[in-house]
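The values are calculated or read from the model by the stated rules, or taken from the named source; none is laboratory data. Computed from a predicted structure; not experimentally measured. Every residue, glycine as well, gets a Cβ built from its backbone with ideal geometry; the counts of neighbours run over all protein chains shown. Please note that ligands, DNA and RNA were not included when accessible areas were found on the heavy atoms of the full protein model with its side chains. Shrake-Rupley method; radii C 1.70, N 1.55, O 1.52, S 1.80 Å.
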Amino acid sequence: MTAPLTADAHAHGLAGDGTTDDGPALQKLVDELGDATAADGRPRTIRVPAGRHLVRDRPVRWRSGVSLVGAGRAATCFVLTNPGARSRPVPLAWFTTAQHGAGRDHHIADVTFAHFEIDGSAVETEEYEVLAKGLGLQYVLRGRFCDLYIHDTAATGFGCDFLQDTVVEGVLAERCGRQDPGEKMGGAGLGIGVGGWGPVERLAVTDCTAVGNGTNGIFFELQQDHWTPPRGIRVTACHTEDNRYGISDWGTDGLLVTGCTMLGNHVAGFDVSSQGTTSVGGRGGIVTGCLIDGNSRDGIALGNTPGPYAFRGNRVSRSGRHGYWQHNLAGGDQEVTSDIVLESNDIDGNALDGIRVDAPLHEPAVFGNRIRSNGRRAAPATEGGGEGVSYGPLSLTDEGADWLPDGHLGKEVTVGEGSDAVTAVVAGNTATALTLAPERPGAQAAWLHGTPAPGTAYRLPDAPAPRAGLTAAATVTHPYVQGNRIRDDGHPRTQTHAVWIAPEATWTGGRVSGNDFSGNASAATRFDSSPSGGRWRDNDG
């Protein structure tokens, strides 16, 4: 009998009752339809009605040409669990190079995964295991992943690599990477390995949401250091929040990121660095029309890249440290980064510098930006305790305080004394209350061991200075800085200078012209190392 083109899962042995192990029946059905597709070349679809379908102890090895379509996120749920195999990860579907010999000539083609939920909360492995994902497929051709809700997996939720001619759309990933302490590989909402198909991988990631995941909301990672970083990857209209990093480029070429929101992530909203498996940073990317706001450290963190990279028309605001931070991590590419473009961005209200350069730049172009009212971390050191001091899961209130609004932004508050002291990061403040960041992604409180008792003493450190709109603390050659408004209209002003060239910096050649440097708290410029050559002219202030 010829296998049907569309098969009802319940008619083929899946119970969907939340207690029966549906994994064996699903594997049998996938193999039957996979064999039929291999024989006649006609892709098949498994329709899964509403229900809770248990997959216990063993993942389903997927087959080319077999699609899995549910009745909706809240209706069809696959529950992953491994009570009898604590050393074994249990993704719903997997097909990998290491386990199954996946490759360009042995791939998964013409598959759709759509309209269902994956609950990974019951998977516990003895040690952190990168394959404890929701979906773990490699080398997919003409795939479509649509309307999926993946949550509480031990490692990455959507962990699929080498996606050619593929669309990832409407995936919601929450609290994935439960067992990742934040320093392991994986542990993301959506983690996509790249480079396996060669210099071009045609992939669109659109309308996806990643909240509270252990490492990244969304990341792209080159999987072999001798591979060519691929072009052709686009990210559009995605939302990342409360992850360690919002969106990360760890090894693509020409990543396009458009119309995305990166809010309240713990390290950076957008990151380019050597943190991936191969220590290769991205290059050639364009980030445009994005809202990058309220990230606990930096809005944009970029380094370990030869360049170029362009940021145009973004709002980068209320970061706990810098709006844009140029830096290099140890172990990655240390060559001079060339051709960074910052154009027509709003960089405002960040805790320290609007733009800070701590790694060498060659021919950067900074033009048409509004770099305003940064240096918000201007409040002096303070301490308190006793009557009027109270704590909530994400707050500290001192009724007797009179703080500069956001004057403690990004500071680390210490509560208690000695070995009992705990710390939390300030995400913002009013005159009497601190709003605190969760102690880790996905947490509901800032405190690791419970909310402190009312009246417990606290202390906040002093504000650093200078806090400039643009700070150079490394070698900058032939910069082009034109038509920017680098000033502070606040009351009081907290951005001390428009431009600060720090003692360790060298600034050589280039043009700095037509900028508005007036209205900063201390002075228009501060040169602890004098610029050499080039042209400085027609700058107000």
Checklist entry - Given charges of +1 on the Cβ of Lys and Arg and -1 on the Cβ of Asp and Glu, with all other atoms neutral, how large is the dipole of segment 342-382 about its Cα centre, in debye to the nearest 20? => result 260 debye
Checklist entry - lysines near Lys133 by alpha-carbon distance under 28 Å, same-chain residues fewer than 8 away left out - which ones? => result Lys28, Lys184
Checklist entry - Where Lys and Arg each count +1 and Asp and Glu each count -1, what net charge lies around Pro464 among other residues with Cβ under 13 Å from its Cβ? => result +3
Checklist entry - Which order do peptides 464-475, 411-422 fall in by mean Cβ count within 10 Å, highest first? => result 464-475, 411-422
Next on the checklist: So, for segment 13-137, what is the accessible surface per residue at a probe of 1.4 Å, expressed in square angstrom?
Outcome noted: 40 Å²
Item to check | Label-to-label distance, nm, for residues given as Ala75 and Thr508 (7 Å Cα→Cβ offset) | outcome: 6.6 nm
Checklist entry - How big is the gap, in Å, between the Cα center of segment 20-73 and the Cα center of segment 375-417? => result 54 Å
Checklist entry - With the dipole of the chain worked out from charges on the C-beta (+1 for Lys and Arg, -1 for Asp and Glu) around the Cα centre, which of Asn304, Thr397, Gly157 lies farthest toward the positive end? => result Asn304
Checklist outcome for this item: For Gly170, the net charge from surrounding residues (Cβ-Cβ under 13 Å; K, R +1; D, E -1) works out to -2
Checklist outcome for this item: Put Lys133, Lys28 in order of accessible area, largest first, probe 1.4 Å, and you get Lys28, Lys133
Next on the checklist: List the chymotrypsin sites (Phe, Trp or Tyr not before Pro) within segment 227-261 that DSSP assigns to loop and that have no more than 12 neighbouring Cβ atoms inside 10 Å.
Outcome noted: none
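At a 1.4 Å probe, what is the % contribution of carbon and sulfur to the accessible area of the chain?
Roughly 48 percent, rounded to a whole number.
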Item to check | Ranked by how many other beta carbons lie within 10 Å on average, peptides 69-75, 511-517, 147-153 from highest | outcome: 147-153, 511-517, 69-75
Checklist entry - Placing +1 at every Lys and Arg Cβ and -1 at every Asp and Glu Cβ, with all other atoms neutral, what dipole size does segment 316-432 have around its Cα centre, in debye to the nearest 20? => result 260 debye
Item to check | Read-out Rg and Dmax of the Cα atoms in Å, derived from the coordinates shown; its label in [x] 22.9, 70; [y] 24.0, 84; [z] 25.5, 84 | outcome: [z]
Checklist entry - Helix-derived [θ] at 222 nm for the chain: sum -39500 (n - 2.57) over DSSP H runs of at least 4, divide by residue count, nearest 500? => result -1000 deg cm²/dmol
Item to check | Top positive-direction residue, dipole computed over segment 435-541 with Cβ charges, set Ser518, Ala498, Asn484 | outcome: Asn484
Next on the checklist: Just to confirm the number: angle between the C-alpha axis of helix 23-40 and the first principal axis of the chain, 0 to 90 degrees, nearest 10?
Outcome noted: 80 degrees
